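Q: The structure follows.
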Ligand SMILES: [Zn+2]
């Protein structure tokens, strides 16, 4: 079994196994980059949600 990084396709090594399938993992460099990406995404998502809620609040106050 060959382990390949799902992000950069770098071969991470061979894993014992009878089949020759490729299994995906993540190399240390890509896991760092991926976590940074996830953090940025979460922050962006949070900001977007806040501005969305602010829009809803404005719309509601207009109705009331
Ligand atoms: Zn990688």
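The values are calculated or read from the model by the stated rules, or taken from the named source; none is laboratory data. All figures in this text were calculated on a predicted structure; none of them were measured in a lab. Cβ: placed from backbone, ideal geometry, glycine included. Neighbour counts: every protein chain shown.
Q: Any residue that is loosely packed, with under 10 Cβ neighbours inside 10 Å and either out of contact with any strand residue (DSSP E or B) (no Cβ under 9 Å at 6 or more places or on another chain) or assigned to a helix (DSSP H, G or I) (or both) - is there at least one of those in region 25-38?
A: Looking for residues that are loosely packed, with under 10 Cβ neighbours inside 10 Å and either out of contact with any strand residue (DSSP E or B) (no Cβ under 9 Å at 6 or more places or on another chain) or assigned to a helix (DSSP H, G or I) (or both), one finds at least one in region 25-38, hence yes.
Q: Looking only at region 26-64, filter to residues that are closer than 16 Å to residue 9 by Cα and within 14 Å of the chain's Cα centre (by Cα); which one of those is modelled with the lowest pLDDT?
A: Looking at residues that are closer than 16 Å to residue 9 by Cα and within 14 Å of the chain's Cα centre (by Cα), I get 34.
Q: Filtering region 7-24 down to residues that are part of a loop (DSSP other than H, G, I, E, B) and modelled with pLDDT of 90 or more, which residue is farthest from the ligand (Cβ to nearest atom)?
A: 9
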